[in-house]
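Structure, as structure tokens:
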Amino acid sequence: MNDNFSSSNSSTADFLRIAVQKSGRLQEGSLQLLRDCGLNFSNGKDQLKTQSNNFPVELLFLRDDDIPQYVEDGVADAGIVGENVFIEKQKKNALIRRLNFAKCRLSLAVSRAVEYNGISWLEGKNIATSYPNIVRDFLQKNNIKAGIHEISGSVEIAPGIGLADAICDLVSTGSTLLSNGLKEVAIVLKSEAVLIGRPGLPTEKQQVLDKLLFRMEAVQKARNNKYILLNCPNEAIEPITRIIPGMKSPTILPLAKEGWSSLHSVVDENDFWDKIDQMKALGAQGILVIPIEKMIL
Ligand code: ATP
Ligand code: ZN
């Protein structure tokens, strides 16, 4: 079954082979991240694989569930999958990097009619899931004995048709649960896309991977930060600098208007709105916020 990819032509033998999802929720984010890292390649539609024309990487397009096995077997050197799939498959792969997209959670849910009073409610019950290994571990850790009914799709209908008392499935907004008369009662695992890899790559491939990881770091940092420019009275420079210290320190330029300066810095996306409020209170005006493309410390 691996033959699709094993007969490589010799010129790409040193290429780092990265498996990405062929279609689905991970595909766009995976390809966008690689493109933001500067890799050029044609789109994967209806292709089994493609090569970058400016970086020694070959992409293999696969079902996400198959990626950990392909990586373990060495057909691919690395892969992008949900952490949920990485953990469930229990292959000999390493988690190389969290990628900060495709965030979701694997949760337990029960019928809304159930008076759920904590994890012990599950004792002796039946749980339907596509993640039997993760659920088994979770139950063990919580000292609960319950049946696990493995099904591969449409897990959310299981309680309604009498197949199980509870389900364990991926949730992002919870709207699927709601429309099936279910309620989320416990989070089993928080997940995001991760880069996984096979330990012990040959030196040339490891060098390509290291180069790619350096770029991913720069891209992910940039995504989490914004460049900020603002005008402030000179006496506010010091307190504002304490709020947005930037990478080393902010750039300060005098304005033509006496007693005023322009201050340039970098701010973390997550506490951006809080900081804006604090700076406005200190007299900041004309605040501009600009996306950063790459960020190298
Ligand atoms: P495939 O055909 O490749 O097997 P699939 O149907 O198993 O695809 P998708 O639904 O595309 O998989 O989900 C792929 C991964 O995306 C999941 O394993 C999970 O990590 C993540 N994911 C799933 N649901 C969501 C969601 N609602 N929001 C964000 N990420 C999600
Ligand atoms: Zn899948």
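The values are calculated or read from the model by the stated rules, or taken from the named source; none is laboratory data. Small disclaimer: the values here were computed from a predicted structure and weren't measured. Because the Cβ atoms are built from the backbone with ideal geometry, glycine has one as well, and the counts that use them run over all protein chains shown.
Key figures
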quantity: Cross-chain or 6+ apart pairs with Cβ under 6 Å, region 37-66 first and acidic (Asp, Glu), then part of a helix (DSSP H, G or I) and within 16 Å of ligand 2 (Cβ to nearest atom); calculated: ASP64/VAL85
quantity: Count - residues of region 133-156 that are at negative phi and free of Cβ contacts under 8 Å to residues at least 24 places away in the same chain; calculated: 14
quantity: Residue selected from region 58-75 under the condition out of contact with any helix residue (DSSP H, G or I) (no Cβ under 7 Å at 6 or more places or on another chain) and more than 16 Å from ligand 2 (Cβ to nearest atom), by the criterion farthest from LYS294 (Cα to Cα); calculated: ASP73
quantity: ARG136, sole failed condition from (1) over 17 Å from ARG25 (Cβ atoms); (2) buried (at least 21 other Cβ atoms within 10 Å of the Cβ); calculated: (2)
quantity: Flag if ILE287 is touching a Ser or Thr at 6+ places or on another chain (Cβ under 6 Å), more than 25 Å from LEU34 (Cα to Cα) and among the hydrophobic types (A, V, I, L, M, F, W, C); calculated: no
quantity: Given (1) β-branched (Val, Ile, Thr); (2) within 16 Å of ligand 1 (Cβ to nearest atom); (3) in contact (Cβ under 8 Å) with a residue 60 or more places away in the chain, number of the condition ILE119 does not satisfy; calculated: (2)
quantity: Region 216-243, residues that are within 11 Å of LEU282 (Cβ to Cβ) and not in a strand (DSSP E or B); calculated: GLU235, ALA236, ILE237, GLU238, PRO239, ILE240, THR241, ARG242, ILE243
quantity: In region 78-123, residue farthest from ligand 2 (Cβ to nearest atom) [restricted to those that are touching a strand residue (DSSP E or B) at 6+ places or on another chain (Cβ under 6 Å) and charged (D, E, K, R)]; calculated: ARG112
quantity: Selected residue (criterion: farthest from ligand 1 (Cβ to nearest atom)) from residues of region 92-109 that are over 28 Å from LEU122 (Cβ atoms) and part of a loop (DSSP other than H, G, I, E, B); calculated: LYS92
quantity: Failed condition for PRO68, given (1) surrounded by fewer than 23 Cβ atoms within 10 Å (Cβ to Cβ); (2) under 17 Å from ARG198 (Cα atoms); calculated: (1)
quantity: Scan of region 185-208 for residues that are closer than 26 Å to LEU106 by Cβ and either crowded, with 17+ Cβ neighbours inside 10 Å or modelled with pLDDT under 95 (or both), ordered by number; calculated: VAL185, ALA186, VAL188, LEU189, SER191, ALA193, VAL194, LEU195, ILE196, GLY197, ARG198, PRO199
quantity: Strands (runs of 3 or more DSSP E) wholly inside region 146-201 containing at least 2 residues that are basic (Lys, Arg); calculated: 182-191
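So that you can scan it fast, the table gives a plain yes or no per residue for (1) acidic (Asp, Glu); (2) under 24 Å from GLU204 (Cα atoms); (3) in a loop (DSSP other than H, G, I, E, B):
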residue	(1), (2), (3)
ASN43	no, no, yes
GLN47	no, no, yes
ASN54	no, yes, yes
ASP65	yes, no, no
TYR70	no, yes, no
VAL75	no, yes, yes
ILE80	no, yes, no
